[in-house]
Structures are given as C-alpha cells and as structure tokens.
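Read through the structure below, which is laid out as structure tokens, and then see the notes.
The values are calculated or read from the model by the stated rules, or taken from the named source; none is laboratory data. This structure is a prediction, so every number in the text was calculated from the model and none was measured. No Cβ is skipped: glycine too gets one built from the backbone with ideal geometry, and neighbour counts run over all protein chains shown.
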Amino acid sequence: MKKSPLPLQNICGNEKKIIGKEALVKLLRWHFGFSDFRGKQLEAIQAVLSGRDCFCLMPTGGGKSMCYQIPALAKPGIVLVVSPLIALMENQVMALKEKGIAAEFLSSTQTSHVKNKIHEDLDSGKPSTRLLYVTPELIATPGFTSKLTRIHARGSLKLIAIDEAHCISTWGHDFRPSYRKLSSMRSCLPDVPILALTATAVPKVQKDVIDSLCLQDPLVLKSSFNRPNIYYEVRYKDLLDDAYADLSFVLKSSGDVCAIIYCLERTTCDVLSAHLSKNGISCAGLNNKLRSSVLDDWMSSKIQVVVATVAFGMGIDRKDVRIVCHFNVPKSMEAFYQESGRAGRDQLPCRSLLYYGVDDRKKMEFILRSAASKQSESSSSQDRLSKKSISDFNQMVEYCEGSGCRRKKILESFGEQMSASLCKKSCDACKHPNLVAKYLEELLTVCTSHQRNGSSRIFISSSTDMTHGEQFSEFWNHDDEGGTSEEDISDSDDGTEIVRSLAGSKLSRKSGVKDKIEFLQHAEENYYRNKNSDKQVNKLDKNAISETMRESSRQRFLNALKEAQQRLGTLSIEFEASAVFFENQCYKKYGKSGKSFYYSQVASTLRWIKMANSCELTDRLLSVIPAPLENTLPKEEPPKEPSLLLQNHPMKATDVELHSNVGTETTMCSPLQTQKASLSARLPAIPSFSEFVNRKKTKNNNPGMSENQSPHSSKKSSEKRMRLQ
Ligand SMILES: Nc1ncnc2c1ncn2[C@@H]1O[C@H](COP(=O)(O)OP(=O)(O)OP(=O)(O)O)[C@@H](O)[C@H]1O
Ligand SMILES: [Mg+2]
C-alpha cells in the first residue's frame, strides 16, 4: 500500500540550515523502514541540505542513493539525479514510487505522452515531482538546460546528485564522454549544491571528479573500501580440466543461491548459460533480446543465476547475491571491485570467484592496447591511456598471479593500507596459503611449457567476428555519443565497448601458430594504419556503410547459412540469394541510420540464423522471396519504413490466409506450405529493435489500436518516428 509522504512542516524550509539528525531519521524510518543511517549517509545529507557541495565515496551497496533520496523528502522542490543507465533509473524510480515517493525519470524509451506529463508538472510552478532522474545526454541539450534554469529561477531546484560520478573521469574505469558535459551545470546553476557519488575513486579519479564538476569547497566523505562479508578466491583455468564443469560444481554445491557470472563476450555468456542450464542450474544468459525479461526474472528470483557481460549490474539492487563469478579476468581492479561488490549487499557472507586463464590475460592485454588507440586521437593522451589501462590491468594480473592476501591487494590498489590480520582468513590465499602457493607454482610450469613449445594459445577461444578490421556489435557504439542525438543512449551495453569492439578474432581453434602470428601482425599493421588515417575521416564518413562492408556482411550471411546447412542437414534454399536477401533487409532498415545500427541488425540476424531450425529459415525466406528463390533482388533499394515493409508485403496476406486455414484446409497445402502455415501460427515475424519500439510507441499512443491493426492510419507518425531515430 502506498504511504503518504511524511508532513514536512516541521523539517522543511528553504533556508540553508542544518536539519537535525532526529528529523532526518524520522524520514528514513517513515519512508524506508530503516532504523538508522549507515556510514557517512547522515553527514552527506546534512551537508547538501545546508547548501554545501559534497563528494561521497562509499563502497558498493553502501547506501549512496539514500544521500539524495532523503534530501528530496526533507525540503520542498526537486532533486535532479543524473544516472548513467536507463535500467538503473527505471529500477530506482519504480522502487520509490512503490514507497509512495513522487519520482520520475526522463529518457528516450518513454512515450511522448509520458514525457509530456512530466514536463507539464515541471513547468507547473509547483511541481509534485521530488526526484527527477535524467541521463547526462539529456542534461547537455539546450532545451533541458533552459528548463532547469527556469525551475531554478522559481526556487524549485534544491540539489543536483551525480550518481556513478567516476564516469566523468578519463582516469576512471568506466569513462562516459557524455558525463563530461555535466561540467557546465555549475555555471548554469551556480548556487545549487552538487552531490557527487561513487564507489570507485582512486585519488586521481577523485580529484578529477571534483575539478570537472567544479565542486566548491566540497565536503569529501570517504568510507573504507573493505567489504568484510566477501570471501575472495581465484581459480586457475589452466590447471582445471574443464572450467565450465568446475563452475557448475561450485554453483551446485553452494545450493540454489543467487549468482552473477560475468564473461568477456556475449557468445561465452550464451554457451556457458546453456551449459549450466543443462546441468540443472536455474540460469539464463543476458543477451540483448532477452535483456529485460531475464532481468525481471532474476530480480524476482524466478531464476537464480544470470550470465552476462560486465554491462550488467551497475546499480542493480538485488541484495541477496551470494556469488559473483568472473569467468574471464576483469580489465582493472576498479572494475573488479565494482562488479564483485554486487555480492552481499545485505551484508551477509558471500563469495567473489575469479577464473583466471593465461589466454584470457593475453587477450585482454591486446584488447586494452588496441582500445586505447581507438579512444583517443592525440598521441600523447593515447599513450597515457594505453599505459594507464595496461598498468590497471597489471594490478589485476598481480591479484591473480601474485602470492599474499587478496583483500590486502584490493584495498592497497585504492591507496588503503591494511594489515593482513584484518582479512581473518576471508580469502583463499589467507585461508589455504599452501594450496594457493602450489597452484601458483603449477601455473608457472604450465606457462613456461607453453612458451617453450611456442604454443601460446592467444585468442583461440574467441568466436566474435572481425572482418576487414571492422568490428560487429549488436549494440550502439559509444562513438555515436558525441553525435547529434539529443536523447540519451545510456541503455547500451555499458562500458564494454572497448572489450566488445576489439575482442574479436577470426582465428579458430584449428589455426596453426604461424597463422595466428601472421594474423596478429596483420592486425597490428591495420591498427597503425587506421590510427593515422582515422584522423582524416570525419564523423559522417565514419558512419557511412561502404560497399566493402556490405559485401563482407553478405559473406557472413553466406557462411552462416552454410553452417546452418551443416547443422540442420538439407536446406532447400538458394544460399547466395538468401545471403543477399538478408543483407538487403539489414541495409534497408538501417542503411540511413548509420553503421552501428546496421551492424546491430546484421549481428542479430546472424544470431537468429545460428539458432533457427530449417522450418524457421525456410519460412523466413519464403515469406519474402517468391519461390523458387532467385538472385533477382534489387541490390540498392532506398530504405523504407520497416514496419510498413513487413505489414504491407504481399506475402503477409498469404500468411494470414494460411494462418486462418490451419486446421481446416490443410490438405490443400503442399507439405512446405503446411509447414509454413503452422509456422505462421507459431512464429510472428521477428521485429527489429526500431519496429519493436515503434510498435510499442504506436500502441501506447493509441491504446485502442490492436497490434494486428493496419498501421496505415498512423503511417505519418511512424515515418516521423523513424526519422527521429
Ligand atoms: N541506512 C540504511 N539502513 C539499511 N539499509 C540501507 C540503508 N541505506 C541504504 N540501505 C540499503 O542498502 C542497499 C544498497 O543501497 P544503494 O543501492 O543506495 O547502494 P549504493 O551505494 O548506491 O551501491 P552501488 O555502488 O552498487 O550503486 C539498498 O537496498 C538500500 O535500501
Ligand atoms: Mg548506487
């Protein structure tokens, strides 16, 4: 049941004075049911309520959100919360609304109807909204800045909270270019206090955050990074027969506990989650398509184990995570600390498990070196980034390959001194020192013998595609952030673009060492060539889809279809024409939007081909290419509005007829048609992301309109929406 807000008369007032602890605790109890403040919460709250800037460094799960949620309830007016992820904003707003607190968020995922209502409230002079969550991209738009200035002029803006503030620093592990734009807030809204919150800030990042946000004489609050309830442990892949089986065993023997497994690549997530599920573990891989449903199932304990890339979890508040496993070595101690810190937010005992492999290490080193060059154009800052990311990663390697207390290593990497006795045997190195020493010795032997045999196994397990130096991803590229988009793109696979874009290798397990070395040399040459030529390429060209890219996509479709044939046996399709068809579909849908979207569509179609059975494949191709399949498709049709393409296609009408005939006139159909009919009944056409979003928007905007209803009437608005994307 919703709780009405605690009357504020006794506590509120716009004047900048310290509000007493008692009144604030009363708010905490009334709205959140907690008996007292934790750590430095109270100090942070009192500081911002008195109008002072504050930099708040608290460990993951330490309760940073409360530092801006209580101020929102203590005084009238709005607290603006800048958050890097749409999923994170949605979760927090939902949780606050359930408590009866007037919180809203603004993002591109909302319908214009919802957005308008929020804007109406903001413009109303006396807004009822207490907490307004926004993305950094939105803050930077001139329209929103002037709106904030107006709200502020009316005296209704009382605090700006910047969550995950380390994203502003290029020294941080999760740098977001869009966060840089927040530096203008101080000049636009000079006397509104700013609260910067983060769980990860080495001294350099801390200084960078404070400087970049122009915090004035901020109260700097720091809590210890120690997470005493986490047991830290490393397992060595090179010493295990089968790391998958080992992880299965660990999870099973821990009981049906809640866990997050982090992998470097999405393909590993899929394979690993399939393996775990086969072994009876309640588990799902968090890929793009299933993203929100898996997240919902995991948050509501329908599934216990989620296998995801590191994009998952920032700010996700499931308290009872008992195991966080890194199946590949993380890129830095900061990243590792943040991710492993998602375990045990309820302060109860939990475990951080890291599977370390020498191959993984080499792969990550390559990725980081290449990523540094991609991120920066000036050679000096490139050098700096490259050195920094490699030295950050070396800390992680030392954590795994070095002897001594793991906890001590974590804390020391954040500049915190700790005596080994503080660990109280809560890491494998302190609890089983002899065993860990033995493992490290064995690891050394394994590595030496690899080197002696010249059989470095770099990249052998990668399955990501990399063709002609182009990387394929199903998600938006953060390169696009600096573009023209006025809205946020914060729901992309956050923070992983570095890894994602460079993790690929087309070397298979079967390639010989010579091939691998040649490939690496080639990659290195390409990398330096691109590095120089990139400078001359403007944004527009970078986003254009060249004929070479298109050809390579066709080739990828062809390969995927041939693989599908091997997997499925006979496939009665014409391969080349089908490959051209699939590529054309991607190009038609996203040719104008640019290569990120185009790749996104190519990648998801490829994944679909890899998973489809022969009926599904035949059906998809039959529904658009008149049988017999011929290579007669126009190669360069202008892009059309996707939903109309689908809905208006002549074959769609046949689909509907066949659909309605199922069970009555099936004898009239050929076996293939019968198959198609039943498939039409089971399988709706796979919508692309934009189709999905547009349909959703259409539905929301026209609640009376059913999904099957012809969209002709709304054609104009659909086109408009497409243009906006
Ligand atoms: N004073 C308190 N007493 C008890 N529980 C609290 C208190 N303050 C916050 N919590 C709870 O602690 C959990 C973690 O809080 P929160 O999500 O704000 O952490 P955080 O510091 O933002 O973590 P992260 O760095 O992972 O985002 C939440 O479930 C929250 O309800
Ligand atoms: Mg948080």
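Report, by residue number, each residue of the stretch 191-247 that is over 17 Å from Glu412 (Cα atoms) and within 16 Å of ligand 2 (Cβ to nearest atom).
Residues satisfying the conditions are Leu195, Ala196, Leu197, Thr198, Val209, Leu221.
If Gly404 satisfies every condition in (1) modelled with pLDDT of 90 or more; (2) within 25 Å of Thr268 (Cα to Cα) but one, which is the exception?
Exception for Gly404: condition (2).
With a cut-off of at least 3 residues that are surrounded by fewer than 17 Cβ atoms within 10 Å (Cβ to Cβ) and of a type outside the set (Phe, Trp, Tyr), name the helices (runs of 4 or more DSSP H) lying wholly within the stretch 177-251. Give the derivation first.
Details: elements: 177-180, 185-188, 203-212.
Fully inside the stretch 177-251 and qualifying: 203-212.
Kindly provide the set of residues from the stretch 252-302 that are in a helix (DSSP H, G or I) and acidic (Asp, Glu), ordered by number.
Asp270, Asp296, Asp297
From Arg29, Arg38, Arg52, which residue is away from ligand 2 (no atom under 15 Å from the Cβ), under 29 Å from Ile210 (Cα atoms) and not small (Gly, Ala, Ser)?
Values: Arg29 fails: under 29 Å from Ile210 (Cα atoms); Arg38 fails: away from ligand 2 (no atom under 15 Å from the Cβ).
On inspection, the qualifying residue turns out to be Arg52.
Read through the list (1) buried (at least 23 other Cβ atoms within 10 Å of the Cβ); (2) within 13 Å of ligand 2 (Cβ to nearest atom); (3) of a type outside the set (A, V, I, L, M, F, W, C), then give the number of the only condition that Asn91 fails.
(1)
Residues in the stretch 126-147: is at least one of a type outside the set (D, E, K, R), within 30 Å of Leu422 (Cα to Cα) and outside any helix (DSSP H, G or I)?
No, there is no match, as no residue in the stretch 126-147 is of a type outside the set (D, E, K, R), within 30 Å of Leu422 (Cα to Cα) and outside any helix (DSSP H, G or I).
So Leu368 ticks every box in (1) surrounded by fewer than 24 Cβ atoms within 10 Å (Cβ to Cβ); (2) within 16 Å of ligand 1 (Cβ to nearest atom); (3) at pLDDT below 90 but one. Which box is left unticked?
Every listed condition holds for Leu368 apart from (2).
Please verify whether His166 is within 16 Å of ligand 2 (Cβ to nearest atom) and either without any contact (Cβ under 8 Å) to a residue 12 or more places away in the chain or not hydrophobic (A, V, I, L, M, F, W, C) (or both), treating the condition exactly as stated. Working first, answer last.
Numbers: within 16 Å of ligand 2 (Cβ to nearest atom): yes; either without any contact (Cβ under 8 Å) to a residue 12 or more places away in the chain or not hydrophobic (A, V, I, L, M, F, W, C) (or both): yes.
So His166 fits the description; yes.
Search the stretch 336-349 for residues being surrounded by fewer than 24 Cβ atoms within 10 Å (Cβ to Cβ) and away from ligand 2 (no atom under 16 Å from the Cβ), and hand back the single one that is modelled with the highest pLDDT.
The selected residue is Pro349.
Based on what the data block shows, is Leu96 more than 13 Å from ligand 1 (Cβ to nearest atom) and at pLDDT 95 or above?
So Leu96 does not fit the description; no.
Only one of Thr149, Thr170, Thr145 is within 29 Å of the chain's Cα centre (by Cα), away from ligand 1 (no atom under 16 Å from the Cβ) and modelled with pLDDT of 80 or more. Can you tell me which? If you could, list the steps in order and put the result at the bottom.
Working: Thr149 fails: within 29 Å of the chain's Cα centre (by Cα); Thr170 fails: modelled with pLDDT of 80 or more.
Within the list Thr149, Thr170, Thr145, the selection yields Thr145.
Among Lys302, Lys331, which is the only one that is of a type outside the set (Asp, Glu) and surrounded by fewer than 18 Cβ atoms within 10 Å (Cβ to Cβ)? Spell out how you get there, then give the answer.
Details: Lys331 fails: surrounded by fewer than 18 Cβ atoms within 10 Å (Cβ to Cβ).
Selected residue: Lys302, the only one of Lys302, Lys331 that is of a type outside the set (Asp, Glu) and surrounded by fewer than 18 Cβ atoms within 10 Å (Cβ to Cβ).
Out of all the residues in the stretch 295-324, which are away from ligand 2 (no atom under 15 Å from the Cβ) and at positive phi?
Passing the criteria: only Ser301.
Among the residues of the stretch 54-63, is there at least one that is within 9 Å of ligand 1 (Cβ to nearest atom) and more than 27 Å from Met333 (Cβ to Cβ)?
No, every residue in the stretch 54-63 fails to be within 9 Å of ligand 1 (Cβ to nearest atom) and more than 27 Å from Met333 (Cβ to Cβ).
How many of the residues making up the stretch 313-363 are part of a loop (DSSP other than H, G, I, E, B), away from ligand 1 (no atom under 16 Å from the Cβ) and basic (Lys, Arg)?
Summing the residues that are part of a loop (DSSP other than H, G, I, E, B), away from ligand 1 (no atom under 16 Å from the Cβ) and basic (Lys, Arg) in the stretch 313-363 gives 1.
Starting from the stretch 46-65, take each residue that is under 13 Å from Val220 (Cα atoms) and list its partners that are within 11 Å of ligand 2 (Cβ to nearest atom) and charged (D, E, K, R), counting only C-beta distances under 6 angstrom and pairs at least six apart or across chains.
Met58/Lys64
Would you mind telling me which numbered condition in (1) buried (at least 24 other Cβ atoms within 10 Å of the Cβ); (2) within 12 Å of ligand 2 (Cβ to nearest atom) Pro59 fails?
Exception for Pro59: condition (1).
Scan the stretch 402-418 for residues that are among the hydroxyl-bearing types (Ser, Thr, Tyr) and in a loop (DSSP other than H, G, I, E, B) and jot them down.
Correct list: Ser403 only.
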